[in-house]
Amino acid sequence: MKSFLLFCVVAVAGCNTNTECSGNSCVCTAGQSCGITCNSGGGACDVQCAPNEACNVGCTAGQPCYVECSGTTSCMVGCLNAADCHVTCPSNNCTVTNCSGAGCIVECNGANGTASGTTVTCP
């Protein structure tokens, strides 16, 4: 019973109740906005946001971060200078912060995002 309770606490720690997660790999529930903060030491942050909803993701420093939010109404991602931060955004209403270098890849509905310092936006 203690193992099951610990699993429940760990599985939900990085995600809100509108997601299904396994560690830092999360899929947001359809029809609901979601906000996820990935956990340090939980491996790569890999999030699939729900279409037609808002999505807010906080990555973990030092861990790869992959966010699919191309069908969302808005997307905010904090990369925390992760070595790899790949975000697939809608054509607008997307902001990715603390993202720089060759590992920072932000795509805005097929086009490259616009970088200003360590912030990348769409359009």
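The values are calculated or read from the model by the stated rules, or taken from the named source; none is laboratory data. The model shown is predicted, which means the values in this text are computed figures rather than measured ones. With ideal geometry, Cβ positions are generated from the backbone for all residues, glycine too; neighbour counts draw on all protein chains shown.
For the reader, a short list of remarks on this structure follows.
- Every residue from the range 62-92 that is under 13 Å from residue 106 (Cβ atoms) and in a loop (DSSP other than H, G, I, E, B): 69, 70, 79, 82, 84, 90, 91, 92
- So residue 5, is it at positive phi and modelled with pLDDT under 95: no
- Among the residues of the range 68-108, those that are under 22 Å from residue 52 (Cβ atoms) and among the hydrophobic types (A, V, I, L, M, F, W, C) comprise 69, 75, 76, 77, 87, 89, 94, 96, 106, 108.
- In the range 113-123, the residues that are surrounded by fewer than 18 Cβ atoms within 10 Å (Cβ to Cβ) and at pLDDT 95 or above: 114, 115, 116, 117, 118, 119, 121
- Members of the range 93-123 that are of a type in the set (Val, Ile, Thr) and assigned to a loop (DSSP other than H, G, I, E, B): 118
- In the range 33-49, the residues that are outside any strand (DSSP E or B), modelled with pLDDT of 95 or more and surrounded by fewer than 24 Cβ atoms within 10 Å (Cβ to Cβ): none
Quick grid of which residues meet (1) under 17 Å from residue 37 (Cβ atoms); (2) modelled with pLDDT of 95 or more; (3) out of contact with any helix residue (DSSP H, G or I) (no Cβ under 8 Å at 6 or more places or on another chain); (4) buried (at least 24 other Cβ atoms within 10 Å of the Cβ):
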residue	(1), (2), (3), (4)
55	yes, yes, yes, yes
63	yes, no, yes, no
66	yes, yes, yes, no
69	yes, yes, yes, yes
81	yes, no, yes, no
85	yes, yes, yes, yes
90	no, yes, yes, no
94	no, yes, yes, yes
